[in-house]
Amino acid sequence: MNRPAPPASPGGYRGRFAPSPTGPLHAGSLVAALASWLDARAHGGAWLVRIEDVDTPRCVPGADEVILGQLAACGLTPDEPPVWQSQRGHLYQAALDRLLALDGGHRWAYPCACSRADIARAHELAGHPKARHGELVYPGTCRPENGGLHGRPARAWRLRVPDGQAGVITWHDRRLGLQQQALGTAVGDFVVKRADGLWAYQLAVVVDDAEQGITDVVRGEDLTDNTPRQLHLQRLLGLPEPRYLHTPLVNGDNGEKLSKQNGAAALDLTDPARTVRTALMALAASLPGWSPTDGASLSELLASAVAAWRNGLNAR
């Protein structure tokens, strides 16, 4: 077997793949898994799998085990036992408690009574812009200085974002370069605990990355504009900031991103080597000098791809 070995040192690079169990992996999610795995192996680091099942209404029973089986069939085995977000609520509550305890003249987290319809009406009246993907920018209706809940019952918890220039988050993406987002105008105060009592993705992923010691986040480009919110949370909570690398998306024949919502087909694993070879070809821009060898075994494909990814790191 020619498969790259996992790291010997627990103190170095730690990466992760964090699928949501809303169905089996498809071609696009395999590309994302491979990118994170290749980056970990090229750095001589550890690769973890985290099942992001915090949004329980969208999760499909048994999909988590299907995903883990698909990864194993493709030669992608985590170096530590997987973790499930649904078992980590106590960690997220501790983080919210810390946010509520922060001083600085005001609470960073506060209860919110607004429904989506309330926000839409406020948006229409005030002319607030929409964020990317059609998300409504929260106008700050329930901020304490704006009157708080106005006698209404709390529905969710929101995290305050700094106004003006103080809310401009700048960071470096390893592929995209210098990135910047003004949280106040792009997002507004965002939800960290939902009205249905479930934990929001932004808080859960930040807590998990810190608790698992993740040093590098490699994920699809569609998640790029989540990064400023996560950096804001990391800085408030005093958590380490991972490096970020957002990879190109895989599109279907209709030009849309492959996703479960768009009906992307589950991986065909009758020939795992062929399936992995196809996924690696989608990462060709990050694999300088790599070309798939006819008849190569799965382990040979993965080993050659790690070497090519490492060469790409050295070239940058």
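The values are calculated or read from the model by the stated rules, or taken from the named source; none is laboratory data. Bear in mind the structure is a predicted one, so any value in this text is a computation, not a measurement. Every residue, glycine among them, receives a Cβ derived from its backbone with ideal geometry; neighbour counts consider all protein chains shown. Quick note on the areas: whole protein, heavy atoms, side chains included, nothing else; ligands and nucleic acids left out. Shrake-Rupley method; radii C 1.70, N 1.55, O 1.52, S 1.80 Å.
Here are some notes:
- Test: residue in segment 302-316 that is in a loop (DSSP other than H, G, I, E, B) and either surrounded by 19 or more Cβ atoms within 10 Å (Cβ to Cβ) or at pLDDT below 95 (or both): yes
- Failed item in (1) open to solvent by 10 Å² or more (accessible area, probe 1.4 Å); (2) touching a Cys at 6+ places or on another chain (Cβ under 9 Å), with residue 25 passing the rest: (1)
- Residues located in segment 252-283, provided they are in contact with a helix residue (DSSP H, G or I) (Cβ under 9 Å, 6 or more places away or on another chain), modelled with pLDDT of 80 or more and not in a loop (DSSP other than H, G, I, E, B): 266, 272, 273, 275, 276, 277, 278, 279, 280
To keep it simple, each residue is scored yes or no on (1) surrounded by 13 or more Cβ atoms within 10 Å (Cβ to Cβ); (2) assigned to a loop (DSSP other than H, G, I, E, B).
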| position | (1), (2) |
| --- | --- |
| 60 | yes, yes |
| 70 | yes, no |
| 75 | yes, yes |
| 81 | no, yes |
| 93 | yes, no |
| 97 | no, no |
| 114 | yes, yes |
| 117 | no, no |
| 123 | yes, no |
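- Exactly one residue out of 164, 177 is modelled with pLDDT of 95 or more and surrounded by fewer than 19 Cβ atoms within 10 Å (Cβ to Cβ), and it is 177.
- Pairs with Cβ under 9 Å, 6+ apart, first in segment 224-237 and farther than 15 Å from residue 186 by Cβ and in contact (Cβ under 8 Å) with a residue 40 or more places away in the chain, second open to solvent by 20 Å² or more (accessible area, probe 1.4 Å) and assigned to a helix (DSSP H, G or I): 236/98; 237/98; 237/210
- Test result for residue 208, open to solvent by less than 30 Å² (accessible area, probe 1.4 Å) and within 27 Å of residue 247 (Cβ to Cβ): yes
- Number of the exception - residue 90 against (1) touching a residue at least 40 places away in the same chain (Cβ under 8 Å); (2) under 22 Å from residue 199 (Cα atoms); (3) out of contact with any helix residue (DSSP H, G or I) (no Cβ under 8 Å at 6 or more places or on another chain); (4) not polar (S, T, N, Q): (1)
- Close pairs (8 angstrom Cβ cut-off, 6 or more residues apart or separate chains): under 11 Å from residue 24 (Cα atoms) and crowded, with 16+ Cβ neighbours inside 10 Å in segment 258-271, hydroxyl-bearing (Ser, Thr, Tyr) and modelled with pLDDT of 90 or more anywhere: 260/22; 267/275
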